[in-house]
1. So, in the stretch 33-52, how many residues would count as being outside any loop (DSSP other than H, G, I, E, B), open to solvent by less than 30 Å² (accessible area, probe 1.4 Å) and under 25 Å from residue 283 (Cα atoms)?
2. Take residue 264 and decide whether it is outside any loop (DSSP other than H, G, I, E, B), closer than 29 Å to residue 37 by Cβ and in contact with a Pro (Cβ under 7 Å, 6 or more places away or on another chain).
3. Looking only at residues that are surrounded by fewer than 17 Cβ atoms within 10 Å (Cβ to Cβ), aliphatic (A, V, I, L, M) and modelled with pLDDT of 95 or more in the stretch 373-425, which one is nearest to residue 211 (Cα to Cα)?
4. Residue check: is residue 269 closer than 15 Å to residue 78 by Cβ, open to solvent by less than 10 Å² (accessible area, probe 1.4 Å), within 20 Å of the chain's Cα centre (by Cα) and of a type in the set (Gly, Ala, Ser)?
5. What number of residues within the stretch 86-111 are under 21 Å from residue 435 (Cα atoms), part of a loop (DSSP other than H, G, I, E, B) and open to solvent by 10 Å² or more (accessible area, probe 1.4 Å)?
6. Can you tell me which residues in the stretch 281-310 are assigned to a loop (DSSP other than H, G, I, E, B) and more than 26 Å from residue 178 (Cα to Cα)?
7. Residue 344 passes all but one of (1) under 22 Å from residue 415 (Cβ atoms); (2) surrounded by fewer than 17 Cβ atoms within 10 Å (Cβ to Cβ); which number fails?
8. Pull out all pairs, ordered by first then second residue, where Cβ-Cβ is under 9 Å, the residues are six or more apart or on different chains, the first lies in the stretch 91-105 and is in contact (Cβ under 8 Å) with a residue 40 or more places away in the chain, and the second is part of a helix (DSSP H, G or I) and open to solvent by 20 Å² or more (accessible area, probe 1.4 Å).
Amino acid sequence: MAERLRHWRRAWKPLAASFILSLALVWLSSCSTQPLPNVVLISIDTLRPDRLGCYGGPRPTSPAIDELAKIGILFQNAFTPSPWTVPGHASMLTGMYPSSLSSNPVDFRMYRQGRLLSSMLQDAGFDTGAVTGGGFVSSKLGVSEGFDFFKDEGTAEDAVEWIRQREERPFFLFFHTFEVHAPFTDKRFAKEADAGTLAGIYQDKKLGEIHHRVACEAAELTASEKEYLVALYDGGIARADEMVAELIHSLKSRRLFDRTIVIITSDHGEEFWEHTGRGAFHGHSLYNELLRVPLIWLDPEIPHGQVSDQPVSILDIVPTLVSRLDLEEEGPFDGLDIGPILEGHTEESIRRRFLFGEAVYTGPIRYSVRSIAAKLIRTPEPAKQIGPKKSCLPVKAPAENELFLREDPGEITNRFAEYPDLAKELQIHLHRHIERPVKIRNSQETIDQETIKKLRSLGYLN
């Protein structure tokens, strides 16, 4: 009996060791393979950062976004490459400049010219869904590529319902809204303002003759009338903020928030009489009121509550996600991986980068280049007007070259003649950008009647 027991022990010893080793390997494997986070990208069309509370806005327009900014990273100097919707969103969703997608700044095929983030994540095993405001962000223009679910002119409730149906696989949700785009219909901040000649400016969610005078004809307005229009714009922000709150609540209620990357941004801003005398208007210039956008990034793996002043772009969203999610994508990307900034590092290569502006929708063709020191806007032919919005022309350009120093964020004083060396340096970089070789197809997509109707309601077509 004793001999048999000793034999059993000798036989069991290596088996036990092997079994324990197998368990250890399984445990280590499970520990090292963390589930991929979900991704929620929220684009609030036409949103200026300076009207949000977290960016110093004067009204309580954005309590939900403000709270998210406290636990994420807020970028003070985030920019879009274009002042209108198609190239702005095409860049946001591909990581490429509009001119890398088309040589035509008014090309509606830009979404089809690059590989969209949705396709990248779909190929990586993500469930992909989108709810958009339609129009220039519609399935008919190709934005739906790579999405398992896509709804034009959808609501936050549609997005919440889609999140509710998610199960085990990681998901990507792209949510876009026109709530901050004219026509502005939320009057919560405008009730006490004196509307004057702007009374009834927006009826039944339509742009009418009054808006046309303000946006296209640069009508003279009183200070109270201007304040009334801005108050309507702020009401749109408040409504969009409520949508953000709905989405975040749905994530938290399903215990998904702590494993979801949430990005809040915009495709471009809006002018309120800063440079061309027009209100509630965009697509026509490359000044900061149109190119500076909000960018707030929440990531389960980054330190909370950061504010960064480093220059970033909506071009950076795709390459940064590709890196953070370890996707097998090689680009090409015009944007940069800003992961080091998310992790709290100062990245000199990013701080000293050059950011370019291009692809205006109407008015004279313009280009811009921004460095750590200054910004140059180049208008080669100030008298030559482009774009389909003929009744909003001409849009005047004050000079062929405008140079604004970093200390002048409002871009008030043109210092081109005073700083020739700085201007020349920026001109060289801008020339290299414009003349760089890119492989694109020159094309102009035709638009169906339903999309034309939507674009007219947003003021893009007459």
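1. So the first thing to find is which residues in the stretch 33-52 are outside any loop (DSSP other than H, G, I, E, B), and the list is 38-44, 49-51.
Subset that is open to solvent by less than 30 Å² (accessible area, probe 1.4 Å): 38-44, 49.
When the remaining residues are screened for being under 25 Å from residue 283 (Cα atoms), the result is 41-44, 49.
Counting residues in the stretch 33-52 that are outside any loop (DSSP other than H, G, I, E, B), open to solvent by less than 30 Å² (accessible area, probe 1.4 Å) and under 25 Å from residue 283 (Cα atoms) gives 5.
2. Yes: the conditions hold for residue 264.
3. Of everything passing the filter in the stretch 373-425, 412 is nearest to residue 211 (Cα to Cα).
4. Yes, satisfied.
5. 6
6. 300, 301, 302, 303, 304, 305, 309, 310
7. (1) is the only condition that residue 344 fails.
8. Here the result reads 94/113; 96/113; 99/434; 100/113; 101/112; 101/113; 102/113; 105/99, each pair linking the stretch 91-105 to a residue that is part of a helix (DSSP H, G or I) and open to solvent by 20 Å² or more (accessible area, probe 1.4 Å).
The values are calculated or read from the model by the stated rules, or taken from the named source; none is laboratory data. Keep in mind that this is a model prediction, so the values were computed, not measured. Counting neighbours? That spans all protein chains shown, and the Cβs are built from the backbone with ideal geometry, glycine included. Just the protein is used for accessible areas: all its heavy atoms, side chains included, with ligands, DNA and RNA removed. Shrake-Rupley method; radii C 1.70, N 1.55, O 1.52, S 1.80 Å.
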